[in-house]
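Working notes, structure below.
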Amino acid sequence: MFVCQQCGSEQPKWTGRCPDCGEWNSFVETTVSAPTPSASAVARSAEGTGNRPTPISQVQNEHFRRVTIPGNEFNRVLGGGIVLGSLVLIGGDPGIGKSTLLLQVSAELALWGDKPVLYVSGEESPQQIKLRASRLDLNPDRLLLLSETDLEAVVAQVEALQPGLVIIDSIQTVFLPDLTSAAGSVSQVRECTSRLTRIAKTRNIPMFLVGHVTKEGAIAGPRVLEHMVDVVLYLEGDRFHQYRLLRGVKNRFGSTNEVGVFEMGNEGMVEVGNPSAAFLAERSSDSPGASVAVTLEGTRPILVEVQALTSETSFGNPRRTANGIDLNRLLLLTAVLSKRVGLGLGNQDIYVNVVGGLKITEPAIDLAVATAIVSSYREIQVDPEVALIGEIGLSGELRSVGQLDRRLNEAAKLGFTRAIYPHTGRKLALPQGMKGRSVATVQEAIEDALVK
Ligand SMILES: Nc1ncnc2c1ncn2[C@@H]1O[C@H](COP(=O)(O)OP(=O)(O)OP(=O)(O)O)[C@@H](O)[C@H]1O
Ligand SMILES: [Mg+2]
Ligand SMILES: [Zn+2]
């Protein structure tokens with residue numbers, strides 16, 4: 001069989017381009033043996049003793065048992081702690097801090113829990129891990145390191161130790177010797193994960209799997225990997241900035257709306273209790289081209305500073321550079337500003353940056369971006385006391401955004417006294433000390449936001 005390494009599609013003969021996902025040159029020859037029904041399943045169906053359908057009213061209510069580690073952020077993203085027997089996949093760019101975060105989590109659990117924690121690394125030697133642990137000042141006795149890539153050997157150790165938590169760093173480096181394909185291939189990743197799932201569920205041991213990501217930022221290996229595990233987390237952030245976001249994209253035991261914010265430093269990943277304050281810490285409010293947006297990361301409002309710079313194009317086509325927002329979004333906002341606000345941006349280079357390395361996909365940041373651009377173009381400062389919220393439509397109208405109350409509360413908490421936001425259909429309860437203004441168009445909003 002030929003298996004696509006991108007999507008797991010199986011073809012009887014080699015093909016240059018995958019008919020399912022369109023990837024070029026992704027097929028690898030794999031030997032498959034015909035599946036035989038397992039002996040126990042045959043026996044059970046013969047005896048008629050398999051699982052029977054049960055009325056939902058008679059199914060026992062069972063609470064998932066969770067273990068929590070000290071601190072809030074990690075537990076919160078998981079929905080309130082690590083569920084026993086769950087499989088958690090954690091992905092992220094190289095060097096973003098996956099191993100660091102998991103080493104800290106294992107050390108905490110080894111320190112506070114009553115069972116050993118097994119950290120299996122197929123990428124680093126115990127000495128390398130020790131080096132990191134010493135830097136982070138972690139060395140509990142119950143934290144056991146194992147440098148191993150043969151999954152059967154890992155499973156044997158897990159059976160013998162019955163640890164309270166197992167880390168596999170990474171799922172792409174372990175392999176089952178019975179399969180002919182190379183470690184990291186689709187079939188290896190799939191089989192290794194299902195082997196680990198079985199032991200996690202039967203022994204009630206939670207497991208964290210580190211997953212490498214592809215160029216496009218998805219977890220490498222077949223999409224099925226994400227289906228097989230209970231929780232999928234991504235560790236995101238800009239490598240050149242210290243902030244990291246741990247974001248849930250799938251969670252069978254909790255909401256995926258939660259985001260944990262960490263700061264990567266010499267002591268490892270440190271929780272950021274008040275992200276808005278951290279992102280606004282270096283704000284210089286007296287120069288034109290900077291504004292503050294209230295965005296929503298999951299259910300959590302976060303204030304970020306948006307900076308824009310416009311400068312006359314010296315030759316050729318004007319440049320547009322977006323850092324932290326989508327470039328297409330910037331082009332759209334530029335077009336709206338030219339056409340609806342009458343700004344002559346046709347001969348201006350425009351640079352936009354979201355301070356702190358955050359990537360904002362939420363359109364509620366639009367108004368802050370547009371205002372920052374106008375502020376830089378006209379060289380008029382944005383009122384430092386004002387927080388901006390709103391999506392901008394093609395006709396220059398300000399469109400409503402979700403969870404306005406929460407955003408306003410967060411802005412008020414950080415000392416903002418004014419907010420500009422789209423019309424809402426209902427009466428808003430403004431937080432104490434805050435003056436709100438709801439506007440219909442981007443033009444109105446900008447005139448109000450700039451210092452007179
Ligand atoms: N001495 C140090 N002081 C501060 N930060 C450090 C130090 N050494 C390493 N780091 C940080 O740790 C990061 C590497 O973290 P880590 O190994 O946990 O990442 P990872 O996501 O596991 O990477 P990989 O995908 O390569 O396994 C480096 O990119 C660097 O930012
Ligand atoms: Mg690593
Ligand atoms: Zn494919």
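The values are calculated or read from the model by the stated rules, or taken from the named source; none is laboratory data. These figures come from a predicted structure and were not determined experimentally. A quick note on method: Cβ atoms are made from the backbone with ideal geometry, for glycine too, and the neighbour counts reach across all protein chains shown. We work out accessible area using only protein heavy atoms, side chains counted, and drop any ligands, DNA or RNA first. Shrake-Rupley method; radii C 1.70, N 1.55, O 1.52, S 1.80 Å.
At a glance:
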item	result
Within segment 226-256, tally of residues that are surrounded by 16 or more Cβ atoms within 10 Å (Cβ to Cβ), within 26 Å of H63 (Cα to Cα) and aliphatic (A, V, I, L, M)	6
Selection from segment 273-305 of residues that are surrounded by 24 or more Cβ atoms within 10 Å (Cβ to Cβ) and without any contact (Cβ under 8 Å) to a residue 40 or more places away in the chain	P275
Qualifying residue in segment 199-209 (condition: under 19 Å from the mean Cα position of the chain (by Cα) and under 29 Å from M1 (Cα atoms))	yes
Answer residue from segment 11-25, given it is outside any loop (DSSP other than H, G, I, E, B) and open to solvent by 90 Å² or more (accessible area, probe 1.4 Å) and is farthest from ligand 2 (Cβ to nearest atom) among those	R17
Tally, over segment 144-155, of residues that are open to solvent by 30 Å² or more (accessible area, probe 1.4 Å) and either more than 26 Å from S9 (Cα to Cα) or more than 15 Å from ligand 2 (Cβ to nearest atom) (or both)	8
Residues of segment 156-179 satisfying the condition of being open to solvent by 10 Å² or more (accessible area, probe 1.4 Å) and either out of contact with any Asp or Glu (no Cβ under 9 Å at 6 or more places or on another chain) or within 16 Å of ligand 2 (Cβ to nearest atom) (or both)	A156, E159, A160, L161, Q162, Q172, T173
Near pairs, Cβ below 8 angstrom, 6+ apart or cross-chain, from segment 78-95 (open to solvent by 10 Å² or more (accessible area, probe 1.4 Å)) to any residue that is assigned to a loop (DSSP other than H, G, I, E, B) and within 15 Å of ligand 2 (Cβ to nearest atom)	D93/R239; P94/H212; G95/R239
All positions within segment 112-126 that are at pLDDT 90 or above and not charged (D, E, K, R)	P116, V117, L118, Y119, V120, S121, G122, S125, P126
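Residue-wise test of (1) within 16 Å of ligand 3 (Cβ to nearest atom); (2) open to solvent by 40 Å² or more (accessible area, probe 1.4 Å); (3) among the basic types (K, R); (4) over 20 Å from L209 (Cα atoms).
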{"position": "N51", "(1), (2), (3), (4)": "no, yes, no, yes"}
{"position": "T68", "(1), (2), (3), (4)": "no, yes, no, no"}
{"position": "S99", "(1), (2), (3), (4)": "no, no, no, no"}
{"position": "E124", "(1), (2), (3), (4)": "no, no, no, no"}
